1. With the dipole of the stretch 145-185 worked out from charges on the C-beta (+1 for Lys and Arg, -1 for Asp and Glu) around the Cα centre, which of Ile179, Val153, Ile169 lies farthest toward the positive end?
2. Going by the alpha-carbon gyration tensor, a ≥ b ≥ c the square roots of its eigenvalues, is the stretch 1-93 rounded (a/c under 1.5) or, if a/c is not under 1.5, prolate (a/b greater than b/c) versus oblate?
3. Can you work out the Karplus-derived ³J(HN,Hα) for every residue in the stretch 167-176? Use 6.51 cos²θ - 1.76 cosθ + 1.60 with θ = phi - 60°, whole Hz, and x for glycine or proline.
4. Under unit Cβ charges (Lys, Arg +1; Asp, Glu -1), what dipole magnitude, rounded to 20 debye, does the chain have relative to its Cα centre?
5. Taking Cα pairs under 8 Å and at least six residues apart, what relative contact order does the stretch 1-131 come out at, in percent?
6. List the residues, sorted by chain then number, that are 5 or more residues from Ser78 or on another chain and whose placed amide H is less than 5 Å from its amide H.
7. What's the lysine pair count for the chain at a Cα cut-off below 16 Å, pairs eight or more apart or interchain?
8. Heavy atoms only, probe 1.4 Å: what % of the accessible area of the chain goes to carbon and sulfur, would you let me know?
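The values are calculated or read from the model by the stated rules, or taken from the named source; none is laboratory data. These numbers were taken from a predicted model, which means no experiment stands behind them. Ideal geometry is used to build each Cβ from the backbone, glycine not excepted, and the neighbour counts take in all protein chains shown. Surface areas here come from the heavy atoms of the whole protein model, side chains and all, with no ligands, DNA or RNA. Shrake-Rupley method; radii C 1.70, N 1.55, O 1.52, S 1.80 Å.
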Amino acid sequence: MTNHQNMIPPELVGDFPLRGNAFSRWVGRAGMRLLGGWRIEGELPNVRKAIIPVAPHTSNWDFFIGVFVMLALGLNLSYLGKHTIFRFPVNGLLRWLGGISVDRRAAAGVVEQMVQQFEQREQLILALSPEGTRKKVAEWKKGFLHIAKAAQVPVVPVALDFSRKVVDITAPLMITGDIDAELARVKAALAHAVGKHPEHA
């Protein structure tokens, strides 16, 4: 989809954050083959900032698929972690892997903290699980939509479809309306995907 069609702010377009080299990309592709011949369909938009909700999340295997896809594409992704885990001796490693420390006790909530992160950084691609758990949930968490709306960054839904062994990168969405309605749009983009344990979705 074009920038105009998705109304992505022009200042966000260009220089998608990348990392790694030919070897790490080979490791990623090899890992995808070893896990059953997974393939990637669709393309990420060429933007410097975005939020990537990945669903459905029903198994620990989702993490390994995600890591191999990240390596195969050479992506520089970030994720959220409780501030209490960012301590010596793992602090440096967690941040190198893209971890962003958030303090849920702070006066500024997680949404406000992440909006600040998007404002302060030149590049930031945040990946997360909207369900927040592998277990069946009544409703997805909406914090990522509030962040995307306030920071004016696109949401790029990504589906893990175990029925086809496909990682589907869907069209970017700009979050501008009612949050419940926007959540329905994200869910619709991912509704076709079947998790490893569909009963948990």
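1. Of the options given, the answer is Ile169.
2. Note, shape of the stretch 1-93 comes out oblate.
3. Taking θ as phi minus 60°, the curve returns 9, 8, 9, 8, 5, x, 10, 8, 8, 10 Hz for the stretch 167-176.
4. Computed charge dipole of the chain: roughly 700 debye.
5. 34
6. Here the answer is Ile125, Leu126, Ala127, since their amide H atoms fall under 5 Å of that of Ser78.
7. Working: Lys49/Lys149; Lys135/Lys196; Lys136/Lys187; Lys136/Lys196; Lys141/Lys149; Lys141/Lys187; Lys142/Lys187; Lys165/Lys196.
Counting lysine pairs in the chain gives 8.
8. On the way: 6270 of 10920 Å².
With neighbouring chains kept in place, the figure for the chain is 57 percent.
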